[in-house]
Every structure is written in C-alpha cells, then in structure tokens.
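Student: Can you read through this structure? Questions will come right after.
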Amino acid sequence: MKSRSSELAVGVLVILFGLALFFLAMKVSGLSGSTLSKSYEMTATFDNVNGLKERAKVTMSGVTVGRVEYIDLDPVTRLAKVTFELDGNKTTFNPTQLQTVEQNALEELHYSDDYQHANATKQKVMEQQLLSNMKSITNIDQDAYIMVATNGLLGEKYLKIVPGGGLNYIKRGGVISNTQGTMDLEDLIGKFITGMSGKSSTGTAAETKTASEPSQTADPQTSFTQ
C-alpha cells in the first residue's frame with residue numbers, strides 16, 4: 001500500500017513538472033495561450049528566414065504584439081513570404097489617438113501643393129478620402145522595418161518590428177516593405193574571416209612594397225668655393 005502511494009506521488013510530481021515545463025515554454029515563446037484581440041494579418045518578405053517557425057512571437061519595442069501564422073515561398077521572387085497576426089488593441093490607435101492623428105494628417109494635407117491648387121469641391125473630396133483611409137490604419141508607420149531576431153545568442157527566432165517615426169501609417173492587412181532576414185552564425189563567421197583576410201592581405205602588400213623600395217641616403221654635404 002505504501003509502495004502504491006509512493007508511485008502515485010511520483011506520478012503526480014512528473015505530471016506537474018511536465019505542465020510547468022509546458023507553460024514555461026509558452027511564456028518564453030511569447031505565446032501564453034491567450035487569443036489576440038481584434039486581430040488582423042499583415043505580411044512581409046524576407047531573403048532568409050532560417051530558424052523562424054510558425055507561431056513564433058512578433059514584438060514591437062519589446063512588447064509581444066502578435067505571432068507568425070504562415071511561412072511560404074514566393075514562386076516568382078523565390079523569397080520567403082511571412083504572414084503574421086497582430087493584436088489590434090496594441091497595434092492600432094484608440095478613438096482619441098486616432099482623432100489626433102487624423103487632425104495632423106489633415107493639416108499636412110492642407111499644406112500640400114495638390115490641395116492648395118484644387119477647387120473647393122476637390123478639396124472636400126480629398127479630405128473625405130483621407131479620413132476614410134485612416135479608419136483602417138495601424139500604428140505601424142511606413143518607415144518601420146521588421147527583422148528576424150533571436151532570443152539571446154542561440155535562442156528562438158522571432159519577428160521584431162522597429163518603428164520608424166514617420167507620420168504615414170500602414171493599413172490593416174498591408175505589407176511591411178522594409179525587412180531584414182536571418183543573419184546566420186555561419187555568415188557572421190564567414191564575414192569576420194573575410195574581413196580579417198582582407199586586412200592581412202593589405203598589410204602584407206604594404207610590407208612587400210616597403211621592402212622593395214630602394215633605400216634613400218642623405219646626400220653628402222657639398223661645399224662651394226669661389
């Protein structure tokens with residue numbers, strides 16, 4: 001009886017340990033199991049996504065704002081196309097913020113040459129079109145870029161959005177054009193070796209050139225007599 005109780009206790013501990021590891025892995029990957037609020041999809045194209053996996057986290061300014069949904073290969077460009085889902089509550093403006101952004105955009109429109117040279121009717125149409133387009137914008141500006149980053153030196157790969165500070169914003173379902181793919185450790189080592197080899201070759205060439213030049217001696221002092 002005592003032996004069965006010990007086996008049961010060990011079994012419970014093993015299950016609890018497994019659950020703890022599972023939740024720890026979810027926490028580290030940025031996927032705590034919670035669903036994204038008011039989510040929407042965006043895409044980006046990379047030259048290399050080696051190590052990036054579906055369901056990897058997407059961050060902006062260190063905050064998890066989404067996850068990778070699909071990773072495909074574009075048959076035409078032969079580049080990796082990544083589709084990721086973003087949390088609408090974290091990557092869009094609230095009504096008050098959107099009103100401020102719209103006001104700033106209208107002011108910028110009023111100073112544009114096209115607006116100033118248009119008649120009143122055309123100006124009204126331009127304003128309405130601008131406000132209509134801004135209903136679906138995100139808080140990710142068009143100058144932002146997205147890169148494949150790594151947790152630590154050899155950790156999991158994830159997507160990192162770096163804001164650019166611009167005032168023109170990407171729409172929901174749009175594309176982040178500025179990208180930076182995976183930088184493999186082998187590539188870094190190769191570039192380092194290539195750089196060191198280049199420096200070594202330059203130094204050797206300079207030494208060879210110096211050695212091949214004839215030595216110059218000072219001319220003996222010449223005296224002139226009248």
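Student: Scan region 79-120 for residues that are of a type in the set (Gly, Ala, Ser) and in contact with a helix residue (DSSP H, G or I) (Cβ under 8 Å, 6 or more places away or on another chain) and report the count. Break it down stepwise before answering.
Tutor: If we filter region 79-120 for residues that are of a type in the set (Gly, Ala, Ser), which is where we start, we get 80, 88, 105, 112, 118, 120.
With the extra rule that they be in contact with a helix residue (DSSP H, G or I) (Cβ under 8 Å, 6 or more places away or on another chain), the set shrinks to 105, 118.
Within region 79-120, residues that are of a type in the set (Gly, Ala, Ser) and in contact with a helix residue (DSSP H, G or I) (Cβ under 8 Å, 6 or more places away or on another chain) number 2.
Student: On to the next question. As an exercise: evaluate residue 104 against (1) closer than 23 Å to residue 157 by Cα; (2) out of contact with any strand residue (DSSP E or B) (no Cβ under 9 Å at 6 or more places or on another chain); (3) touching a residue at least 60 places away in the same chain (Cβ under 8 Å); (4) not β-branched (Val, Ile, Thr) and give the number of the one condition it does not meet.
Tutor: (1)
Student: If you take the residues in region 147-161 that are farther than 17 Å from residue 46 by Cα and of a type in the set (Gly, Ala, Ser), which one is surrounded by the fewest Cβ atoms within 10 Å (Cβ to Cβ)? Before the answer, list the steps.
Tutor: Here is the first cut: in region 147-161, the residues farther than 17 Å from residue 46 by Cα are 151-156.
Imposing the further condition that a residue be of a type in the set (Gly, Ala, Ser) reduces the set to 152, 155.
Working: 152: 6, 155: 11.
Per the criteria, the residue is 152.
Student: Among the residues of region 138-146, are any among the polar types (S, T, N, Q) and either in a loop (DSSP other than H, G, I, E, B) or surrounded by fewer than 17 Cβ atoms within 10 Å (Cβ to Cβ) (or both)?
Tutor: Initially, region 138-146 is screened for residues among the polar types (S, T, N, Q), giving 138-139, 142.
Of the ones still in play, those that are also either in a loop (DSSP other than H, G, I, E, B) or surrounded by fewer than 17 Cβ atoms within 10 Å (Cβ to Cβ) (or both) are 142.
Yes, that holds for at least one residue.
Student: So, one more: If you go through region 112-127 one residue at a time, do you hit one that is within 16 Å of residue 141 (Cα to Cα) and of a type in the set (A, V, I, L, M, F, W, C)? Before the answer, list the steps.
Tutor: At the first step, the residues of region 112-127 found to be within 16 Å of residue 141 (Cα to Cα) are none.
No: region 112-127 contains no residue that is within 16 Å of residue 141 (Cα to Cα) and of a type in the set (A, V, I, L, M, F, W, C).
Since every read-out is calculated from the coordinates, none of them should be taken as a lab result. Everything numeric in this text was worked out from a predicted model, so none of it was measured. Using ideal geometry, Cβ is built from the backbone for each residue, glycine included, and neighbour counts are taken over all protein chains shown.
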